[in-house]
Amino acid sequence: KFQKRIFSGIQPSGNLTLGNYLGALKRFVQKQDEGIETIYCLVDLHAITVWQDPEALRRQTREAAAAFIAAGIDPARSILFNQSQVSAHAEMGWLLNCVARMGWMNRMTQWKDKAGKNAEKQSLGLFAYPTLMAADILLYHATMVPVGEDQKQHVELTRDIAAKFNHDYKVDFFPSPAPLIEGAATRVMSLRDGSKKMSKSDPSDASRINMTDDADTIAKKFRKAVTDPEPLPETLEGLEGRAEARNLVNVYAALADISPEQVIAEFGGKGFGTFKPALADLAVSKLEPISTEMSRLMADPAEIDRILGVGAEKADAIAQPILAKTLDIMGM
Ligand code: ADP
Ligand code: NA
């Protein structure tokens, strides 16, 4: 009943990281190149769930668009747009706020992580973030959502919301979207703390590789990455209980498009003094052409705005009829 369609998003809330690249962007490009219909969104309405400096948000939105294009997203083959320019997202978000249950929202681990012990001081928007994400996906009747491991629970919530809507209104209107979580780098960890994911919102710049870091910075951050002192093991099983080493092996594998087993076959028995510089060289060879292209694109912000404008029109053409039908089903 529902045709294959991919939707995913990234917050323009800061420097995109190696985690965003491997967990999201690189795979977004693969899906586009497989010929599937792909819709990619810069989710600025999600970014403002925590304070954003307005000028910085404007710049980071263009920068994120440049990162998508530089990484290989072709605006002629994928729809690339900015969430706030398609008002149906906010409208659908409200409708789904009235479908989702408080108990479901209270169970979201990302909310608990981000709010910590300070839930009372957070914006209502941060709590409702997952219903807006459900709206983003369901507004396009998307069937597949490529995300990192950290977003799996939100896609599952989206399925619950779709099912409850279909059940409550006795329709078969929303598809049940599947999270696509694939590859060796579905959860790239912080370089300073192997128990935290690498994130653009981490206050420590040393915890992450930014897509725009230069070669020296990348080499230095990997050199200083927290690891144990042991050499890499001869087998993959030997990485058990060694979160930091496992993370660097996964990152190498994802960057080189090989399996973690192959990385161990090459580097097993070698120390980090050998492995870290090899990893840094590999990361530079993949990221440098992208950041060079990003700088070129950023020199012409009007062109980026034009591309996002065209993307928003295409997105709106799909979203409006689905929003209108949703309102109709609900009696409005
Ligand atoms: P961030 O957490 O850096 O702010 P977003 O919430 O904007 O990133 O997530 C954008 C996409 O990048 C999502 O698909 C998310 O799963 C993916 N992603 C973010 N961080 C990582 C990571 N450390 N490892 C793998 N994927 C990640
Ligand atoms: Na996030």
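Readers should treat all values here as calculations from the given coordinates under stated rules, not as data from a laboratory. Worth saying up front: this structure is predicted, and the values here are computed from it rather than measured. Note that we place each Cβ from the backbone using ideal geometry, even for glycine, and neighbour counts take in every protein chain shown.
Qualifying trypsin sites (Lys or Arg not before Pro) in segment 144-202, where qualification requires a DSSP coil assignment and no more than 14 other C-beta atoms within 10 Å, comprise Lys170, Lys196. Given segment 176-332 reduced to its alpha-carbon atoms as identical point scatterers, what log10 I(q)/I(0) does the Debye formula return at q = 0.10, 0.20, 0.21 Å⁻¹? The Debye formula, applied to the Cα set alone, gives -0.53, -1.25, -1.34.
Per residue and in cubic angstrom, what volume does the convex hull of the Cα atoms of segment 205-295 have? Mind dumping the intermediate values first?
Working: hull volume 7.6 nm³, N = 91.
In segment 205-295, the Cα convex hull volume per residue is 83 Å³.
Sorting 214-227, 23-36 by their mean Cβ neighbour count within 10 Å, with the most densely packed peptide first, gives 23-36, 214-227.
Neighbour counts of C-beta atoms inside 10 Å place Thr109, Thr186 in the sequence Thr109, Thr186, starting with the fewest. Size check on the chain: the Cα extents along the three principal axes, sorted descending, read 66, 44, 42 Å.
For segment 267-327, what is Rg from Cα atoms divided by 2.2 N^0.38 Å, rounded to two decimals?
Working: Rg = 21.6 Å, N = 61, 2.2 N^0.38 = 10.5 Å.
So segment 267-327 has a normalised radius of gyration of 2.06.
Using every pair of distinct Cα positions in segment 131-244, the Kirkwood expression returns a hydrodynamic radius of 17.1 angstrom. Per residue, the average separation of C-alpha pairs within less than 8 Å and at least 6 apart gives the chain a relative contact order of 23 percent.
Quickly estimate the mean residue ellipticity at 222 nm for the chain, helices only: each DSSP H run with n ≥ 4 gives -39500 (n - 2.57), and the total goes over all residues, rounded to 500. Present the calculation step by step, with values, prior to reporting the outcome.
Details: 13 runs with 172 residues, N = 332.
One gets -16500 deg cm²/dmol as the mean residue ellipticity at 222 nm.
Note down the magnitude of the dipole of the chain about its Cα centre, charges +1 on Lys and Arg C-beta and -1 on Asp and Glu C-beta and zero elsewhere, to the nearest 20 debye. Don't skip to the answer; put the middle values down first.
Working: 39 positive and 43 negative charges, 135 e Å.
Here the chain has a charge dipole of around 640 debye.
The phi-based Karplus calculation (6.51 cos²θ - 1.76 cosθ + 1.60; θ = phi - 60°) puts the 3J(HN,Hα) values of segment 210-224 at 8, 4, 9, 5, 7, 4, 5, 5, 4, 4, 5, 5, 5, 4, 8 Hz, whole numbers, x for Gly and Pro. Taking 25 Å as the limit for the C-alpha separation, the pairs Lys152/Lys220; Lys26/Lys164; Lys152/Lys196; Lys117/Lys197; Lys112/Lys200; Lys220/Lys270 exceed it in the case of Lys152/Lys220; Lys26/Lys164.
When only alpha carbons of segment 1-111 are considered, Rg and Dmax amount to 15.2, 43 Å.
Separation of segment 299-329 and segment 240-262, taken as the distance between their Cα centroids, equals 38 angstrom.
Can you tell me the length gained on complete extension of the stretch Asp214 to Leu180, counting 0.36 nm per residue apart and subtracting the Cα distance? Provide the component values of the computation, followed by the final result.
Details: separation 34, 0.36 × 34 = 12.24 nm, distance 3.08 nm.
Separation in residues times 0.36 nm, less the Cα-Cα distance, equals 9.2 nm.
Report the Stokes-Einstein translational diffusion coefficient (µm² s⁻¹, integer) for segment 114-163, Rh taken as the Kirkwood radius over Cα pairs, at 37 °C with viscosity 0.692 mPa s. Taking Rh from Cα pairs, D becomes 275 µm²/s. Spacing of the modelled spin labels on Ala265 and Leu236, each 7 Å from Cα toward Cβ, amounts to 1.2 nm.
For Ala178, the amide hydrogen comes within under 5 Å of the amide hydrogens of Met144, Val145, counting only partners 5 or more places away or on other chains and with H modelled in the peptide plane.
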